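Undergrad: What follows is a single structure, and I will ask about it in a moment.
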Amino acid sequence: MTASAIAVSATALFTLTGCFPFGGSDEGGPFPGRSGSQVANTSIETLRGASSLTITGTVRDQGKPIKMDMAISRSGDCRGTMTVDGEGSFELIRNSQYVFLKADAAFYRTQMKDLPKEQADAALAQLPGHWVKSKANAQDSKDLAQLCDLGELLKQFEKSAGARKEGVVPLGGQQAAKLSTKTTDGTEDLYVATTGKPYLLKAVETGKEPSEVSFSGFDQPVRAESPTGDVIDSDG
């Protein structure tokens with residue numbers, strides 16, 4: 001079994017690059033003397049420096065919503081869930097040895113739509129709701145493992161150009177600088193931590209394919225222990 005149909009979400013996720021206004025000036029606010037684009041670029045570089053983080057939110061691929069909640073470390077450990085609208089959901093764990101997948105029937109139906117009916121029916125009678133284990137370096141694990149490659153995912157960020165400071169807003173119990181950029185059909189808003197390290201905390205895109213993702217859990221351990229109990233070994 002492969003999961004190439006959902007691996008596209010990794011790229012789709014990173015197409016994103018009471019309010020107390022301090023305007024678009026480079027002066028004032030929590031980052032005085034720095035333009036909105038400079039602050040945005042610093043927040044992205046700070047994000048790249050994290051040893052681990054958690055990504056939550058909804059992105060769209062060709063109009064289809066994809067919900068994610070993934071904790072990922074730079075070492076490749078990860079744990080989280082993903083739901084693709086109309087195509088099912090799954091939970092994923094990856095550690096240094098194995099990849100574990102627990103998916104619902106809708107996910108397997110999507111993945112097996114081109115298989116002979118008898119073969120697909122047999123798999124659907126066995127796999128949904130159970131953990132399926134494969135070696136982390138196995139060919140069939142590579143598509144899923146892409147979702148756990150933090151360095152590769154963060155490469156999708158490009159430098160900001162034209163971002164404008166829009167003020168300081170409360171976000172998740174802390175203050176964040178809001179940076180806004182006009183797009184051809186909407187806006188891209190970035191929210192950057194104003195205390196501690198200037199992490200990018202949230203990215204929101206409006207327009208034809210609106211998206212919203214948040215980043216948290218910086219440098220926190222990722223719980224990627226192998227599940228116990230009823231585990232199906234796909235390697236035999």
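Undergrad: Taking the Cα centre of each part, how many Å lie between region 166-223 and region 36-64?
TA: Comparing the Cα centres of region 166-223 and region 36-64, I get a distance of 8 Å.
Undergrad: From the P(r) of the chain, can you give the percent of Cα pairs sitting at distances over 24 Å?
TA: Value for the chain: 49 percent of Cα pairs lie more than 24 Å apart.
Undergrad: Beyond 28 Å between alpha-carbons counts as too far, so tell me which of K102/K182; K64/K142; K135/K197; K113/K202; K142/K208; K135/K202 fall in that bin.
TA: The answer is K102/K182; K135/K197; K113/K202; K142/K208; K135/K202.
Undergrad: Quote to one decimal, in nm, the extra length available between S75 and Q156 on full extension: 0.36 nm per residue of separation minus the C-alpha distance between them.
TA: 27.3 nm
Undergrad: Output ³J(HN,Hα) for region 183-191: one whole-Hz value per residue in order, computed from phi by the Karplus curve 6.51 cos²θ - 1.76 cosθ + 1.60 with θ = phi - 60°, and x for Gly and Pro.
TA: 10, 5, 9, x, 9, 10, 10, 10, 10
Undergrad: For R74, enumerate residues with amide H under 5 Å from its amide H, sequence gap 5+ or separate chain, H modeled in the peptide plane.
TA: Placed amide hydrogens put S52 under 5 Å from R74.
Undergrad: Separation between the N137 and R48 pseudo-spin-labels, each 7 Å from Cα along Cα→Cβ, expressed in nm?
TA: Simple spin-label model gives 2.8 nm for this pair.
Undergrad: Hey, what's the per residue convex hull volume over the C-alpha atoms of region 35-169, in cubic angstrom? Walk me through the numbers on the way to the answer.
TA: On the way: hull volume 18.5 nm³, N = 135.
Cα-based convex hull of region 35-169, divided per residue, equals 137 Å³.
Undergrad: Over the chain, what percent of the accessible surface lies on carbon and sulfur atoms, probe 1.4 Å?
TA: About 48 percent, which is the carbon plus sulfur part of the accessible surface.
Undergrad: From Cα pairs below 8 angstrom and at least 6 apart in sequence, can you work out the relative contact order of region 96-236, rounded to a whole percent?
TA: Working: 185 pairs, mean separation 27.9, N = 141.
Relative contact order of region 96-236: 20 percent.
Undergrad: Quick check for you: with a 1.4 Å probe and neighbouring chains kept, what is the accessible area per residue of region 118-236, in Å²?
TA: Solvent-accessible surface per residue comes out at 54 Å².
Undergrad: Let me ask something else. So what is the 222 nm mean residue ellipticity for the chain from helices alone, if each DSSP H run of at least 4 adds -39500 (n - 2.57) and you divide by all residues, rounding to the nearest 500 deg cm²/dmol? Before the final figure, lay out the partial values.
TA: Values: 6 runs with 47 residues, N = 236.
Here the helix-only value at 222 nm equals -5500 deg cm²/dmol.
Undergrad: Here is a further query. Name the long-range amide H neighbours of A136: under 5 Å, sequence gap of 5 or more, or other chain; modelled H, no Pro or chain starts.
TA: The answer is Y98, V99.
The values are calculated or read from the model by the stated rules, or taken from the named source; none is laboratory data. Keep in mind that what you see is a predicted model, and the values were worked out from it rather than measured. Every residue, glycine as well, gets a Cβ built from its backbone with ideal geometry; the counts of neighbours run over all protein chains shown. Calculation scope for accessible area: heavy atoms of the full protein, side chains included, ligands and nucleic acids excluded. Shrake-Rupley method; radii C 1.70, N 1.55, O 1.52, S 1.80 Å.
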